[in-house]
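Okay, structure first, notes after.
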Amino acid sequence: MEAYKTGDLVLVKLGTLSITGTVVHFNTKTKKYLVRFSAQQQNWYAQEELTPYRSTLAE
């Protein structure tokens with residue numbers, strides 16, 4: 001079962017830096033999410049590598 005849906009904002013931790021991206025696809029064979037960061041940057045991540053994005057502005 002998918003934890004994230006297309007359009008969900010997620011945080012990806014790259015070393016010590018967390019980057020916000022958008023889920024654009026889920027591959028059912030590899031069980032990985034395609035996360036897009038900009039018009040030219042995207043990569044595949046497992047569910048364990050992602051964290052739901054929560055804005056601190058809404059609090």
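For this structure, a couple of remarks:
- Computed on the Cα atoms alone, the convex hull of the range 9-51 gives a volume of 68 cubic angstrom per residue.
- Relative contact order computed over the chain (Cα-Cα under 8 Å; 6+ residues apart), in percent: 30
- The gain in end-to-end length when the LYS13 to GLN41 segment is fully stretched comes to 8.6 nm, 0.36 nm per residue minus the alpha carbon separation.
No value in this document is a laboratory result; all are computed from the given coordinates. Keep in mind that this is a model prediction, so the values were computed, not measured.
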